[in-house]
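A.B. asks: Sharing a structure below in structure tokens format, with a few things to ask.
No lab work stands behind these numbers, since they all come straight from the coordinates. Just so it is clear, the structure is predicted and the values come from calculations on it, not from any experiment. Backbone-built Cβ (ideal geometry, glycine too); neighbour counts: all protein chains shown.
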Amino acid sequence: MSGAQKIAVTVTEIVPLNELVTRFKFKPTDGSLLPTFSGGAHTVVEMKDGAITRLNPYSLMSDPMDQTAYTISVRRDDVGRGGSLFLHRNVKVGDQMTISYPVNLFSLDLRAKKHLFLAGGIGITPFIAQIKQLERTNGRWELHYATRSVALGSYVDELTTKHPNEAHIYYDDQEQRIDLKNLLDGQPLGTHVYVCGPKGMIDWVRKTAADEGWPRESIHYEEFLAPKSGKPFEVKLAISNKVIQVGEDESLLEAMEREGVDAPYLCRGGACGQCETDVIDYRGNFIHRDHWLEDADHKSGKKIMPCVSRFEGKTLVLDR
Amino acid sequence: MTIQFNDETFRDDYSFHNSAWAIRRFPFPFHEDSYMYSVNMEQHRGGPAGSIFEKRFDVDEHYLSEMRDRAMVLADDPLRCQSLPHMTLAGWDLLELIMVSKSEDYPELFELHRNGNTWRWVNKPMGIDDTFTFLDEATLPYGPLEYITRQAQGDFCVLDQRDDNLWMDAGIVTTQADWSLDFDIGMNFFEWHAPVPLAHEKGVFVRALKFLLNIQQGSPARRLNWTMTVNPLLDTSPENYHKWGIQKTTLTPENIGQKQHLRVELQTFFRLPRSNALVFPIRAYLCSFQDLMTMPKWGRRLHRVIRDLPEELATYKGFIDNRTMMLDYLSKFDDGLPTSDGIWPEFETEPSLNLSEDS
Amino acid sequence: MSKFEFPPSIRSRPIYRTLEPRKGPAHLLIADAAGAEAMLDMATTEMMQTAHIIYIPKGADFGGKLRALNPAKYYEGPSYAASVSRIRKVLADAKMGLQVYLAGTEGLMGQAQLEATNAGIPHTAIQCEHRGSVARRMQCVHCKGITEDVEVDPFICSHCGLNLFVRDHYSRRIAAYQGVCIDAEDPGNVPPSKGIYE
């Protein structure tokens, strides 16, 4: 079986935070305690959306010490394929759902002398759990959180009330920007930077830090990509000896699962590397979207990450 | 069943012994008649009733004596238990994992009563009844890692996970196959395995690391490893090698059956939830050659494995000088009959030893 | 002086490369003896404006040339032990982005690297280039004592007197290679010592 262990849960609370973001609370259906987790962990939420089973990762944002419930915050993506829309529109308090055990691909480096968090939009969620963890263990941290506007600033009030000295907020519509170069300049040795937000923000932070002489190991980032829709395509799976069709609104990974081919995964967002698959033969173009493979791998035509990447062309044969 | 704990030693007079029950459940590590490194991992989700795989942390008849031996090693050399400063949370994770597992798996021996962060831990065999505050080091006599592993058989390595690697950043190591925690602490997965021959070239460690990095909460894994030890000595440390090394030269054809021990490690791997570290318990089981030979299948197979083992491995595992004597002894228990697949002794179905007079 | 090519070895043995200037707000250069030559080969005028050079000559005569690079700060110490408190202070005051360059003997680089990693710099971000003596800093695994500048194998532990063979297994945290008793299984049978790379 692929993916982490599963937990049967019941939705116990749904709180719309603003026009785009809604918070969901899950408790174990059998009344037991949930596993503890480490700040930065995510859970994969299973959604039965008609004929399609969607599995989307969401960062856990509850207190890692709290074993009674998990919470996640979901930003509605109106142009996406529907995972977030499904949660926003179809899920009701009292519904029973399946989520995965926590998996952490964005954990704190506990050696850090200081943790510097950079959040963009809904990228705030893993930091909320990490801040709770660090508060419990007397860690030193600072948050710089860029959001579109006061109205869309999820958790801004909570953060600035509880942590007036550590939390710094930047509103795009007020032309406020994180002065990154200045912020990085003068941080004590042993500081680690964590960035979660849109790809452009991650790239900007990584490049600026490298230019300022920061070691690669001191920069941590996480961005879960939602799979994007695209033109349907056909794939031959050499090991399973099957030819399958990938539909417009499903990912290659989802299509393999639909056809009963057990493909490994953890994050389903192009980050963890679990679903890396060898390409045996192809004629056409890859649409690579993952963060996992190196540029050279993308160009080689020898590897694909089926969770987020697609293909356009005549022939694609995979080692699955 | 109720475990009858042995009163025995792993040094000086070496009164260590296995009961018939312990021999039957001994984790014989060879599933076929030859051996080579492999990433022989499987899920650690129980096993046959009474087997060493059944519980998350096996407790057997050697428990009290092993814990007494560990206390002696630590008194002589406190550097055998170390934790780099960032690993304290992982130490609490491990304490929680062991206390929860043992109290659930052996309720007649261990009890855990939790009221918020006030925890009461009862270890009946060792006569311990302590109340402490979870995550407050000041309320325990040792750090959390040392406290709980002074009450748990086997060595424990606690590995930090970062930069796509595992780092040996904490542990307690008193029953090891000749490696030093004090020297290796802080190393990454490839570095602490650096002295192992052949396996790097075969890509074993690259594959093993990839597997271990992806072990998730709730999905522990396990494998067996093995080596040879003359006398049932648990502390075969490099630190004391200048004292115990000489014992390897005391083997004679007359005493080898009793003195030579196969030493098998049950290695398990658990993701630790609060720290995202990985704990790697290494539980050593010892069995003398003469006790192993009571299982006809094991006698036949051990002879074939030792005979055909590459020289580099026999050297690395430290028995190259004694291999000829071992084979002279073991060959008497190999009549050439085929053996069944798998590690279990099959003592009910495997034919008994059948040697003609002139063989 | 030509550079020594270390033979291929196991994964725990450090690998030394050639220093190259990197971007950063400040630069810390630490060298002993012939390590000065690596610094002279690498140093740029721009880097020297924010550079701190710490040099332990060990009898070599590069002080004048290093000083002529005109670094922002220059210090010459009589020994590593005499310099280490200064190194710690420099690292305690340093900010992220500091570039660390080490050159010279393995003992010097290992010990300075340990100070830098303790201060929070990942070891992979610290550049090291070997120059000069190939002697090793050895730890006796039995008594834990360190013997500096070991050139032969086997050697006698300067603390407990055991005959030790020289392993390639190296600990960054101890900044030393491991020495293990060579005659434990046959006391007194110690082969004659020869150079480590002979």
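A.B. asks: As I understand it, the value is the acute angle between the Cα axis of helix B:204-213 and the longest principal axis of the Cα atoms of chain B; what does it come to in degrees, rounded to 10?
C.D. replies: 30 degrees
A.B. asks: What does DSSP give for chain C in terms of the percent of beta bridges that are antiparallel, rounded to the nearest 5?
C.D. replies: On the way: 12 of 34 bridges.
Roughly 35 percent of the DSSP beta bridges within chain C come out antiparallel.
A.B. asks: Could you give the dipole magnitude of chain A about its Cα centre, charging the beta-carbon of Lys and Arg +1 and that of Asp and Glu -1, in debye to the nearest 20?
C.D. replies: 320 debye
A.B. asks: Let me ask something else. Run the Debye formula on the Cα coordinates of the protein assembly as shown, all scatterers equal and no solvent, and tell me log10 I(q)/I(0) at q = 0.05, 0.07, 0.09 1/Å.
C.D. replies: -0.33, -0.66, -1.08
A.B. asks: Let me ask another. Convert 4 °C to kelvin, take the viscosity as 1.567 mPa s, use the Kirkwood radius over C-alpha pairs of chain B as Rh, and evaluate the Stokes-Einstein diffusion coefficient in µm²/s, rounded to a whole number. Can you show the working numbers first?
C.D. replies: On the way: Rh = 21.3 Å.
Rounded to a whole number, D works out at 61 µm²/s.
A.B. asks: How much of the pair distance distribution for chain A lies past 31 Å, counting alpha-carbon pairs only, in percent?
C.D. replies: On the way: 17433 of 51040 pairs.
Within chain A, distances greater than 31 Å cover 34 percent of Cα pairs.
A.B. asks: Mean residue ellipticity at 222 nm from the helices of chain B, using -39,500 (n - 2.57) per DSSP H segment of n ≥ 4 over the full residue count, to the nearest 500 deg cm²/dmol?
C.D. replies: On the way: 13 runs with 100 residues, N = 359.
Result for chain B, helices only: -7500 deg cm²/dmol.
A.B. asks: Additional query: Measuring from a point 7 Å past the Cα of C:ALA92 along Cα-to-C-beta, which residues in segment A:168-190 have an amide N at less than 19 Å?
C.D. replies: Hits in segment A:168-190 for C:ALA92 at 19 Å: A:187-190.
A.B. asks: Right, another one. Could you list, by residue number, the cysteines of chain C that have no other cysteine's beta carbon within less than 4.7 Å of their beta carbon?
C.D. replies: C:CYS128, C:CYS181
A.B. asks: Apply 1/(1 + (r/R0)^6) to the Cβ-Cβ distance of A:ASN165 and B:THR294, taking R0 = 41 Å, and write down the FRET efficiency to the nearest 0.05.
C.D. replies: Approximately 0.05, to the nearest 0.05.
A.B. asks: Is it possible to state the helix-based mean residue ellipticity at 222 nm for chain A, with each DSSP H run of 4+ residues giving -39500 (n - 2.57), the sum divided by total residues, to the nearest 500 deg cm²/dmol? What is it?
C.D. replies: Working: 7 runs with 58 residues, N = 320.
Per the formula, -5000 deg cm²/dmol.
A.B. asks: Modelled label-to-label distance, A:ARG206 and B:ASN117, 7 Å Cα→beta-carbon offset: nm?
C.D. replies: 3.8 nm
A.B. asks: Rounded, prolate or oblate for segment B:169-307? Axes are the square roots of the Cα gyration tensor eigenvalues, ordered a ≥ b ≥ c, and the cut-off for rounded is a/c under 1.5.
C.D. replies: Judged from the Cα gyration tensor, segment B:169-307 comes out prolate (a/c at least 1.5, a/b above b/c).
A.B. asks: Another one. For segment C:1-101, which GluC sites (Glu not before Pro) are both in a DSSP coil and crowded by at most 11 other Cβ atoms within 10 Å?
C.D. replies: Working: sites: C:GLU5, C:GLU37, C:GLU46, C:GLU76; in loops: C:GLU5.
Qualifying residues, ordered by number: C:GLU5.
A.B. asks: Provide B:HIS17, B:HIS242 in ascending order of the number of other Cβ atoms located within 10 Å of each residue's Cβ, fewest first.
C.D. replies: In increasing order of surrounding Cβ atoms, one gets B:HIS17, B:HIS242.
A.B. asks: When the scattering of segment A:233-318 is computed by the Debye formula from its Cα atoms alone, each counted once and equally, what is log10 I(q)/I(0) at q = 0.11, 0.20, 0.24 Å⁻¹?
C.D. replies: -0.24, -0.87, -1.32
A.B. asks: About the Cα centre, and with charges only on the beta carbon of Lys, Arg (+1) and Asp, Glu (-1), how big is the dipole of segment A:6-104? Nearest 20 debye, please.
C.D. replies: Here the size comes out at about 200 debye.
A.B. asks: If you don't mind, another one. At q = 0.15 Å⁻¹, what log₁₀ I(q)/I(0) does a Debye calculation on the Cα points of segment C:136-195 give, no solvent, two decimals?
C.D. replies: Debye intensities relative to I(0), on a log10 scale: -0.37.
A.B. asks: Further, regarding this structure: Please list the equivalent ellipsoid semi-axes of segment B:295-359, computed as the square roots of five times the alpha-carbon gyration tensor eigenvalues, in descending order and whole angstrom. Each step should come with its number before you reach the end.
C.D. replies: On the way: eigenvalues 108, 46, 13 Å².
Square roots of five times the eigenvalues give 23, 15, 8 Å.
A.B. asks: Please work out whether segment C:1-144 counts as rounded, prolate or oblate from its C-alpha gyration tensor, where a ≥ b ≥ c are the square roots of the eigenvalues and a/c under 1.5 means rounded, while otherwise a/b larger than b/c means prolate and anything else oblate? Working shown, then result.
C.D. replies: Details: a/c = 1.44, a/b = 1.27, b/c = 1.13.
Since a/c stays below 1.5, the shape of segment C:1-144 is classed as rounded.
A.B. asks: Turning to a different aspect of this structure: Which one, B:THR149, B:THR227, B:THR324, has the greatest fluctuation when you compute a Gaussian network model over chain B with C-alpha springs under 10 angstrom?
C.D. replies: Evaluated over chain B, the most mobile residue of the options is B:THR324.
A.B. asks: In nm, give the distance between the simple-model label positions of C:SER9 and A:GLU135, each being 7 Å from the Cα along the Cα-to-Cβ direction.
C.D. replies: For the pair C:SER9/A:GLU135, the computed spacing is 5.0 nm.
A.B. asks: Something else about it: Using DSSP to call loops (not H, G, I, E or B), can you name the GluC sites (Glu not before Pro) in segment B:135-218 whose Cβ has at most 11 other Cβ atoms within 10 angstrom?
C.D. replies: Of the GluC sites (Glu not before Pro), the ones in loops of segment B:135-218 whose Cβ has at most 11 other Cβ atoms within 10 Å are B:GLU201.
A.B. asks: If you take the charge dipole of chain C about its Cα centre, with +1 on Lys and Arg Cβ and -1 on Asp and Glu Cβ, which of C:MET96, C:ALA51, C:GLY179 is farthest toward its positive end?
C.D. replies: The residue sitting farthest along the positive end of the dipole is C:MET96.
A.B. asks: Give the longest segment of chain C that steers clear of chymotrypsin sites (Phe, Trp or Tyr not before Pro) in DSSP loops with at most 15 neighbouring Cβ atoms within 10 Å, not counting the sites themselves. Could the numbers behind the result be given before it?
C.D. replies: On the way: sites that count: C:PHE4, C:TYR197.
The longest such stretch corresponds to C:5-196.
A.B. asks: Using DSSP to define loop residues, name the trypsin sites (Lys or Arg not before Pro) in segment C:101-142 whose beta-carbon has at most 13 other beta-carbon atoms within 10 Å. Let's see the in-between values first.
C.D. replies: Values: sites: C:ARG131, C:ARG136, C:ARG137; in loops: C:ARG131.
Sparse-neighbourhood loop trypsin sites (Lys or Arg not before Pro): none present.
A.B. asks: GNM on chain B, C-alpha springs below 10 Å: top fluctuator among B:TYR63, B:TYR37, B:TYR285?
C.D. replies: B:TYR37
A.B. asks: For an R0 of 51 angstrom, estimate the FRET efficiency from the Cβ-Cβ distance between A:VAL79 and B:GLN43 and round to the nearest 0.05. Walk me through the numbers on the way to the answer.
C.D. replies: Working: r = 40 Å, r/R0 = 0.79.
Once rounded, the FRET efficiency stands at 0.80.
A.B. asks: Still on this structure: Based on a Kirkwood Rh over C-alpha pairs, give the Stokes-Einstein translational diffusion coefficient of segment A:109-191 at 20 °C and viscosity 1.002 mPa s in µm²/s.
C.D. replies: Details: Rh = 13.3 Å.
After rounding, the answer is 161 µm²/s.
A.B. asks: Sticking with this one: Nearest 20 debye, what's the magnitude of the dipole of segment B:222-346 about its Cα centre given +1 on Lys and Arg Cβ and -1 on Asp and Glu Cβ? Mind showing how you got there, number by number?
C.D. replies: Details: 17 positive and 14 negative charges, 100 e Å.
Rounded to the nearest 20 debye, it is 480 debye.
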